[in-house]
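As structure tokens, the structure follows; a few thoughts come after it.
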């Protein structure tokens, strides 16, 4: 298990500035003052969500409070509580950011000052949400739970972009874990490949918990189970592989979109990784359909075969195999003979 202190230096995150800390100490306005018709009291009510002692309220201050509780839990090594508090903070801050964006949109063309102020608040809430997300990913990594850290890190890179500090840190974590193999070096930054030259990257190991390598192991286990006529185990392993590969392909596609126009080498690699994951997923789908047929469950095989056919195109090898299985089941009646010229062009 990796120590959290080895991943991030103590004190690297200080979520509460002096002004925010002062706001947290401010008393809550009495309920009666909110209902009053006095203009002065009415004007003071918008500061309500700036105060941090509102239980389960929306706003930036409640998110800050939860993140402070998470940091205290980390210091006491209560990582389960820290994750819980960070998850709550992320949900509150995400909803807060979306709410500010929606209100800002309503004021567009009506009051430029209000719209601009709300967009800044939305940005601040989103930035704090991403900080909480990064902190949570670091805890998962320290606990050896890379499969939980990866989606959070991809989310950060997508939200922040690789040229902002937090986005760059998120991608660096993905690189160190082994989910991506090409380092990204922002102009003027340290070469990230040096940081992991002698470090075992967990997602490249034989017992990888997620990603393409993990799915390959599941498919190998499924092949062995199928050969032993243990079709139930084969189906379970293949289903797990398909889910892992579908998620991985989606993550790589998100990174591809994020790096498009920024680093062609990284974006090209993300495209290749997404295609590799999708290809392996479709292979697993074909095998799972075959296992269902062996169990006399063709109605479960058909959706998988249609899915492969839609993903692969009938002129490609996997697409042809999917259609042939549908023909074998009797779901389609017309054989498909591949035109050699069409098949050649589809592979290009």
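Please treat every number below as a calculation from the coordinates, not as lab data. Just so it is clear, the structure is predicted and the values come from calculations on it, not from any experiment. Heads up, the Cβs are rebuilt from the backbone with ideal geometry, glycines too, and the neighbour counts pull from every protein chain shown.
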With 10 angstrom as the radius, rank 252, 226 by how many other C-beta atoms surround their C-beta, starting from the fewest. 226, 252
For a label point 7 Å from the Cα of residue 220 along Cα→C-beta, name the residues of the range 241-268 whose backbone N is under 18 Å from it. 241-242, 244-245
Mind checking the full-extension length gain between residue 246 and residue 275? Use 0.36 nm per residue of separation minus the Cα-Cα distance, one decimal, nm. 9.4 nm
Based on the Cβ-Cβ distance from residue 230 to residue 331, what FRET efficiency comes out when R0 is 25 Å, to the nearest 0.05? 0.45
Gain in length, residue 311 to residue 181, computed as 0.36 nm per residue apart minus the alpha-carbon separation, to one decimal in nm? 44.2 nm
So how far apart, in nm, are the two label points at residue 262 and residue 107 if each is 7 Å from Cα heading toward Cβ? 3.0
Fewest-first ranking of 230, 263, 113, using other Cβ atoms within 10 Å as the exposure measure: 113, 230, 263
Note: residue 165 to residue 81 extended length (0.36 nm per residue) minus current alpha-carbon separation gives 27.6 nm
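Can you sort 315, 233 by how many other beta carbons sit within 10 Å, fewest first? Display every interim value, and only then the final one.
On the way: 315 18, 233 15.
Listed from fewest to most nearby Cβ atoms, that is 233, 315.
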